[in-house]
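K.L.:
Here it is, the structure in full.
The values are calculated or read from the model by the stated rules, or taken from the named source; none is laboratory data. Small disclaimer: the values here were computed from a predicted structure and weren't measured. Quick reminder, even Gly has a Cβ in these numbers, built from the backbone with ideal geometry, and neighbours come from all protein chains shown.
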Amino acid sequence: MIRHKRGQPIAKMTTAATLQMEVTHQRIVLAWGETLFTELGRVWSHLDSAETLAYEDKVVAQVHVLEEATASLALLSHTLERTSRRLRRHLQSLRT
């Protein structure tokens with residue numbers, strides 16, 4: 001039989017509920033990522049088909065799009081990684 005300190009089960013339940021609320025919000029993060037990729041594809045297609053754009057201007061625009069995409073994806077990645085780490089720690093605590 002495992003003995004718990006007074007209030008420990010409530011604290012664990014509160015932590016679990018808070019974590020699950022955060023995990024639920026990851027759906028919004030993933031939807032944002034999907035929107036980001038869709039927009040990047042649209043912009044990239046537009047750049048590919050821009051015949052009136054000088055070659056150097058096209059390369060400058062491509063670099064700009066990729067730099068913005070990289071920054072946005074880094075933010076998305078950090079958000080998902082943080083939640084993943086928290087979920088792994090929580091899973092370990094459930095197993096102990």
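K.L.:
Is there any pair linking a residue in region 40-57 that is surrounded by 12 or more Cβ atoms within 10 Å (Cβ to Cβ) to one that is among the polar types (S, T, N, Q) and assigned to a helix (DSSP H, G or I), with Cβ under 8 Å and at least six apart or on different chains, and which?
P.N.:
Close Cβ pairs satisfying both conditions: W44/Q62; L47/Q62.
K.L.:
Give E22, E81, E68 a once-over and let me know the one that is surrounded by 12 or more Cβ atoms within 10 Å (Cβ to Cβ), modelled with pLDDT of 90 or more and of a type in the set (D, E, K, R).
P.N.:
Of E22, E81, E68, the one residue that is surrounded by 12 or more Cβ atoms within 10 Å (Cβ to Cβ), modelled with pLDDT of 90 or more and of a type in the set (D, E, K, R) is E68.
K.L.:
Inside region 38-86, can you point out the residues that are over 30 Å from Q20 (Cβ atoms) and of a type in the set (S, T, N, Q)?
P.N.:
S45, S49, T52, Q62, T70
K.L.:
Does region 6-14 contain at least one residue that is surrounded by 11 or more Cβ atoms within 10 Å (Cβ to Cβ), of a type in the set (S, T, Y), at pLDDT below 95 and out of contact with any Leu (no Cβ under 7 Å at 6 or more places or on another chain)?
P.N.:
There is at least one residue in region 6-14 that is surrounded by 11 or more Cβ atoms within 10 Å (Cβ to Cβ), of a type in the set (S, T, Y), at pLDDT below 95 and out of contact with any Leu (no Cβ under 7 Å at 6 or more places or on another chain).
K.L.:
Could I ask something else about it? In region 58-96, how many are over 26 Å from A31 (Cα atoms) and either in a loop (DSSP other than H, G, I, E, B) or in contact (Cβ under 8 Å) with a residue 24 or more places away in the chain (or both)?
P.N.:
Looking only at that region, the number is 2.
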